[in-house]
1. Give 119, 164 a once-over and let me know the one that is part of a loop (DSSP other than H, G, I, E, B) and touching a residue at least 24 places away in the same chain (Cβ under 8 Å).
2. Which residue is least open to solvent (accessible area, probe 1.4 Å), if the candidates are limited to segment 164-190 and must be over 15 Å from residue 250 (Cβ atoms) and in contact with a helix residue (DSSP H, G or I) (Cβ under 8 Å, 6 or more places away or on another chain)?
3. Just a yes or no: is a residue in segment 202-218 at pLDDT 95 or above, surrounded by 20 or more Cβ atoms within 10 Å (Cβ to Cβ) and more than 25 Å from residue 105 (Cβ to Cβ)?
4. Output the number of the condition that residue 248 fails; it satisfies all remaining conditions of (1) assigned to a loop (DSSP other than H, G, I, E, B); (2) modelled with pLDDT of 50 or more; (3) open to solvent by 20 Å² or more (accessible area, probe 1.4 Å); (4) not acidic (Asp, Glu).
5. Which numbered condition trips up residue 158, out of (1) open to solvent by 40 Å² or more (accessible area, probe 1.4 Å); (2) assigned to a loop (DSSP other than H, G, I, E, B)?
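The values are calculated or read from the model by the stated rules, or taken from the named source; none is laboratory data. Treat the numbers as computed from the prediction; the structure is a model and nothing was measured. Virtual Cβ from ideal backbone geometry, glycine too; neighbours counted across all protein chains shown. Keep in mind that these areas ignore ligands, DNA and RNA; they rest on the heavy atoms of the full protein, side chains included. Shrake-Rupley method; radii C 1.70, N 1.55, O 1.52, S 1.80 Å.
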Amino acid sequence: MSDRTADRTMPHTTTRPTPGTAPAPAPAAASPRRRVAGGRVPGAGRGRGLRRAALSALALSVLVLPAAGCGIRATSVPVDAGAAPSRVGCVLPDDRKSPEGGGASVVRVYLVCGARVSPVERKVRMPDGRSSARRLPVARELLDELRQRPEPGEDTAGFETAVPRRLTVSGGTDGDPDGALRLSEPLEELPPYALAQIVCTYADTSAADAEGGVILGGPAGDRSTGDDAVSEAEGAEGADGEARSPLRRYECGTALRTHPRSAESAGTQV
């Protein structure tokens with residue numbers, strides 16, 4: 001029998017290790033994942049990347065949510081915004097009673113609150129009617145109210161006045177149109193808020209003309225020698241009115257109430 005035939009017919013026998021030699025290592029167990037020769041397990045890196053992306057998104061959401069809830073954009077740069085702005089209601093308390101007449105009239109006086117002028121009710125003793133004879137007495141009473149400090153309830157609500165305590169009002173002089181009123185200070189030197197207060201307070205009273213307009217001007221004469229006097233250098237020209245502060249006619253419209261600074265350029269020259 002040839003050697004090839006013997007190899008096919010001889011039963012297989014277990015090879016025993018030679019005494020004194022280490023046993024052959026057992027074959028490695030098959031991995032549950034199929035490995036690619038010379039490469040990484042398919043999908044393993046992608047799983048770790050997805051986990052890292054999920055953790056990053058979670059951390060970002062924790063930072064963004066509080067800012068989004070406040071309506072503030074998240075930023076990594078510290079910002080010093082200063083103190084929080086105070087909120088002024090400009091509304092008088094509901095339990096504040098409206099002033100009763102009792103021989104006096106209830107009028108609306110405009111005060112400054114925030115960035116606008118708004119009315120409050122005051123009880124003022126004034127002559128009745130809207131005749132021209134009542135114009136100056138009414139104007140003086142209302143101006144006196146504007147010069148006063150706001151009442152406690154008004155002050156708490158944020159109201160204040162910009163009208164100077166020293167300011168006075170007088171009637172028009174010769175050459176002025178009917179209904180004119182002259183203040184003791186030139187209009188351009190008054191705070192615009194004060195001018196807006198005066199115009200809107202006068203507008204609904206006999207201090208205004210028939211259409212509700214208010215004609216105002218500054219001193220009628222040279223202020224260095226008095227309201228009604230003129231300097232010698234001016235002579236007759238001053239007496240004719242050339243030295244007088246010009247008159248302007250104002251109306252209390254929405255623009256003047258909501259933007260009192262516009263009083264500087266408001267009004268039309270008379």
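1. Answer to the selection: 164.
2. Per the stated criteria, the residue is 167.
3. Taking every residue of segment 202-218 in turn, at least one turns out to be at pLDDT 95 or above, surrounded by 20 or more Cβ atoms within 10 Å (Cβ to Cβ) and more than 25 Å from residue 105 (Cβ to Cβ).
4. It is condition (1) that residue 248 fails.
5. (1)
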